[in-house]
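Computed from the coordinates by the stated procedures, all read-outs in this text should not be read as laboratory data. Since this is a predicted model, take the numbers as computed values, not measurements. Neighbour counts are summed over all protein chains in view; Cβ atoms, including those assigned to glycine, are modelled from backbone coordinates with ideal geometry.
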Amino acid sequence: MMRLLHVVARVGQLALWALLLGFVVLVAIPRFTQFDLLVVRGGSMEPAIRIGSVVIVDRADRVPRVGTVATFLDPSGELVTHRIVGFDGTKIVTKGDANSARDITERASADLKGTVVLGIPFLGYVLYALSQPLVFFILLGGTGGFLIIGELQTIAREIRRLRQERTA
């Protein structure tokens, strides 16, 4: 029974460390690469890109090509990810896959922030949860707690071993 608890504790610790490391990597990607991670909050690109997905946007790829999914700066200041359905050399026409009509706003090439490389379903929900301070501190505290408990168990085992050697 004690061995099973030890294994469960180790697996839990590894899972927390993996989650924490994954979060740090996801936060670092936009800072050290040409890629941005954006959480999809609307359903205009479904079913290709679902609500709660994360899209990886290549900021270096700002060439408008019909058929590609790209992220644009909207006049309202929001980022919008839609498919390019037309380009005449100056104005970009976009449309959400789930929308029946093209977007009213025609976009300039300067509004193009990058091309979507990949969409990862449901990761946006995880990132949103991890961005909450309470959840992040619970994760950090849990990881540190497992580390401290593991070290205290190692110390206790070593003390027991040394006591057994003295009595023998």
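A Förster radius of 25 Å combined with the Cβ-Cβ distance from Val27 to Ile148 puts the calculated FRET efficiency at roughly 0.55.
Normalised by the number of residues in the stretch 33-123, the average gap of Cα pairs under 8 Å and 6 or more apart makes the relative contact order 34 percent. Of Ile92, Ile56, Ile148, which has the largest mean-square fluctuation in a 10 Å C-alpha GNM of the chain? Most flexible of the set in this elastic network: Ile148. Scalar couplings 3J(HN,Hα) for the stretch 31-46, obtained by applying the Karplus form with A = 6.51, B = -1.76, C = 1.60 to θ = phi - 60°, are 6, 10, 10, 8, 10, 10, 10, 10, 8, 7, 10, x, x, 5, 9, 5 Hz; x denotes Gly and Pro.
GNM on the chain, alpha-carbon springs under 10 angstrom: the most fluctuating residue among Thr68, Thr115, Thr81 is Thr68. Consider a paramagnetic label point 7 Å from the Cα of Glu46 along Cα→Cβ; state which residues of the stretch 52-92 have an amide N under 16 Å from it. Those under the cut-off are 52-54.
Taking label positions 7 Å along the Cα-Cβ direction at both Val117 and Arg166, the computed distance is 5.9 nm, reported to one decimal. Stretched out straight at 0.36 nm per residue, the stretch from Val11 to Arg157 would grow longer than its current Cα-Cα span by 50.6 nm. Each residue, Val39 and Ala108, gets one label point 7 Å from its Cα in the Cβ direction; the gap between the two is 3.1 nm.
Using bins of 10 Å that start at zero, the share of Cα-Cα pairs per bin across the chain amounts to 9, 28, 23, 15, 11, 8, 5, 2, 1, in whole %.
What is the chain's relative contact order, in percent, from Cα pairs under 8 angstrom and six or more apart in sequence? Taking the mean separation of contacting Cα pairs over the length of the chain, I get 22 percent.
The label-point distance for Arg62 and Leu19, in a model that sets each label 7 Å from Cα toward Cβ, rounds to 3.8 nm. By the count of neighbouring beta-carbon atoms within 10 Å, fewest first, Val126, Val57 end up ordered Val126, Val57. Equivalent-ellipsoid semi-axes for the stretch 33-123 (Cα gyration tensor, √(5λ), whole Å, largest first): 19, 15, 11.
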